[in-house]
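*Asks:* Please see the structure below; I have some questions.
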Amino acid sequence: MSLIGALAYKAHFVDISGLVAAFVVGFTIWYTGGPASFVIILFFFMSAGLATKYKYKAKVKKNVAQEGMGKRSWVNVFGSGIIPMMFSMAMYIAAMVPELAGAGWPFFLFGGYVGAVATTSADTLASEVGVFSKSKPRLITNLRRKVPSGTIGAVSLLGEGVAIAAGLIIGVVAVVFAIFAPELIPGLVISESVIMWDYVLFLIPLSILTAFIGCNMDSLLGAVLQNRFVCEICGAVTDKEFHCDYETKYVGGFKKFTNMHVNLGSSGLGATLGIVLGAGLFVWILGGLFFWIAASSSN
Ligand SMILES: [Zn+2]
């Protein structure tokens, strides 16, 4: 972790406060969620850092770059990491309580963890890469309206593709760990049984679905609730108080509702969806197994 931290700091992914926050989040997830959960959040951390740096100068020109040379501070790190961290801790607790572990809770919470990180990664990567969409993005609340890139709530095919790809990668990482090293995910071995294989593979569609839905929920929440300002020079609707070197004008949304609140809300939704999908499938497979046993015993 020290090595990763040093490299990330050197690459200007984070400032000092962001580095400390990343350590807190990373260590807690490593300790409670095990190496599998850690590798998943590490994918987010590294890919978000790289995507933010990707064509940074071009983004500055387009007025869509992250402030401070793209260095993330503790606010950003906790904003993206706090919900996964809570799920990781909940998984750890569920794995230690026999009643919860027996009922499959570590499974569901791992689904929630994967859902939260998939949503956050999809949202970050889609925003950082989606701004280079060749076709003009459209507003999620009115898909017929084309808007300048960087507009709050703007969506593009490129961004949606990136979101799905992020979900796929996280899902594959989760499945690889769950199949080849289940002991590295708290609570997974306790419930290991015939049904686990089917269940584990489901982590891929779970991750893709949560990434896609969570990322679009983020755009929707942003478009409806987030404080937004209009640039009187280029007409862009942004969350920045300065655009094209001039002060922007407040046009709508809740004044205290910033991008961080939107991110927290959408990663919470992604996590909830992850649990529901995970638990739903678990119940579905158990139900199928029950009928199969019932049917074969009646013969
Ligand atoms: Zn402007």
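*Asks:* Per residue and in cubic angstrom, what volume does the convex hull of the Cα atoms of region 154-267 have?
*Replies:* 128 Å³
*Asks:* I want to check the label-to-label distance for I93 and L201. Put each point 7 Å from Cα in the C-beta direction and report it in nm to one decimal.
*Replies:* Going by the 7 Å Cα→Cβ label model, 3.4 nm.
*Asks:* Using DSSP to call loops (not H, G, I, E or B), can you name the trypsin sites (Lys or Arg not before Pro) in region 84-163 whose Cβ has at most 10 other Cβ atoms within 10 angstrom? Let's see the in-between values first.
*Replies:* Working: sites: K134, R138, R144, R145, K146; in loops: K134.
Filter output for region 84-163: K134.
*Asks:* In terms of Cα to Cα distance under 25 Å, which lysines are near enough to K53, apart from those fewer than 8 places away along the same chain?
*Replies:* Straight-line reach from K53, under 25 Å: K10, K61, K62, K71, K134, K136, K240.
*Asks:* Counting other Cβ atoms within 10 Å, keep those with at most 16, restrict to DSSP loop, and tell me which chymotrypsin sites (Phe, Trp or Tyr not before Pro) in region 14-71 are left. Before the final figure, lay out each step's value.
*Replies:* Details: sites: F23, F27, W30, Y31, F38, F43, F44, F45, Y54, Y56; in loops: Y54.
Those that pass, being in a loop and sparsely packed, are Y54.
*Asks:* About its Cα centre, how strong a charge dipole does the chain have in debye, to the nearest 20, once Lys and Arg get +1 and Asp and Glu get -1 at the Cβ?
*Replies:* Numbers: 20 positive and 15 negative charges, 278 e Å.
Here the size comes out at about 1340 debye.
*Asks:* Only helical DSSP H runs with n ≥ 4 go in: add -39500 (n - 2.57) per run for the chain, normalise by residue count and round the 222 nm mean residue ellipticity to 500 deg cm²/dmol. Write down the numbers at each step before the final one.
*Replies:* Working: 10 runs with 200 residues, N = 299.
Estimated from H runs of four or more residues: -23000 deg cm²/dmol.
*Asks:* OK, next. Over region 40-174, with the other protein chains present, what is the accessible area per residue in square angstrom, probe 1.4 angstrom? Numbers along the way, then the final one.
*Replies:* Numbers: 6020 Å² over 135 residues.
That works out to 45 Å² for each residue.
*Asks:* Residue farthest toward the positive end of the dipole of the chain, with Cβ of Lys/Arg at +1 and Asp/Glu at -1: which of I213, V172, M69?
*Replies:* M69
*Asks:* Sticking with this one: Size of the dipole of region 31-111 about the Cα centre, Lys and Arg at +1 and Asp and Glu at -1 on the beta carbon, nothing else charged, in debye to 20? Show your work: numbers first, answer last.
*Replies:* Numbers: 8 positive and 2 negative charges, 179 e Å.
It comes to approximately 860 debye.
*Asks:* Probe radius 1.4 Å, ligands and nucleic acids left out: which of D245, D15 has the largest accessible area, and how do the rest follow?
*Replies:* Descending accessible area places them as D245, D15.
*Asks:* Quickly work out the E241-to-F23 label distance, labels modelled 7 Å from Cα along the C-beta direction, and quote it in nm with one decimal.
*Replies:* 3.1 nm
*Asks:* Taking H placed 1.01 Å from N in the peptide plane, check which residues at least 5 places from H243 or on another chain put their amide H under 5 Å from its amide H.
*Replies:* Long-range HN contacts for H243: T248.
*Asks:* In addition: Can you work out ³J(HN,Hα) from phi for every residue in region 146-158, in order, using Karplus 6.51 cos²θ - 1.76 cosθ + 1.60 and θ = phi - 60°, giving whole Hz and x for Gly and Pro?
*Replies:* For region 146-158, the Karplus-derived couplings read 7, 10, x, 5, x, 5, 4, x, 7, 10, 9, 4, 4 Hz, x marking Gly and Pro.
*Asks:* Also: Tell me, what is the percent relative contact order of the chain, built from C-alpha pairs under 8 Å that lie six or more residues apart?
*Replies:* Working: 511 pairs, mean separation 62.5, N = 299.
Over the chain, the number comes to 21 percent.
*Asks:* Give me the percent of accessible area attributable to carbon and sulfur for the chain, probe 1.4 angstrom.
*Replies:* Details: 10440 of 14780 Å².
Summing carbon and sulfur atoms, their accessible area is 71 percent of the total for the chain.
*Asks:* Could I ask something else about it? Pull out a ≥ b ≥ c, the square roots of the eigenvalues of the alpha-carbon gyration tensor of region 1-158, then state rounded if a/c is under 1.5, prolate if not and a/b is larger than b/c, and oblate in the remaining case.
*Replies:* Numbers: a/c = 3.13, a/b = 1.53, b/c = 2.05.
Note, shape of region 1-158 comes out oblate.
*Asks:* Which one of T124, G161, N142 is farthest out on the positive end of the charge dipole of region 80-184, using unit charges on Cβ (Lys, Arg +1; Asp, Glu -1) and the Cα centre as origin?
*Replies:* Result: N142.
*Asks:* Taking the convex hull of the alpha carbon atoms in the chain, what volume per residue do you get, in Å³? Walk me through the intermediate numbers first.
*Replies:* Values: hull volume 41.6 nm³, N = 299.
Dividing the Cα hull volume of the chain by its residue count gives 139 Å³.
*Asks:* Another question, then. Using Cα springs under 10 Å in a Gaussian network model of the chain, which residue among S267, S80, S47 shows the largest mean-square fluctuation?
*Replies:* S47
The values are calculated or read from the model by the stated rules, or taken from the named source; none is laboratory data. These numbers were taken from a predicted model, which means no experiment stands behind them. Cβ coordinates were reconstructed from backbone atoms using ideal geometry, including for glycine residues, and neighbour counts include every protein chain displayed. Keep in mind that these areas ignore ligands, DNA and RNA; they rest on the heavy atoms of the full protein, side chains included. Shrake-Rupley method; radii C 1.70, N 1.55, O 1.52, S 1.80 Å.
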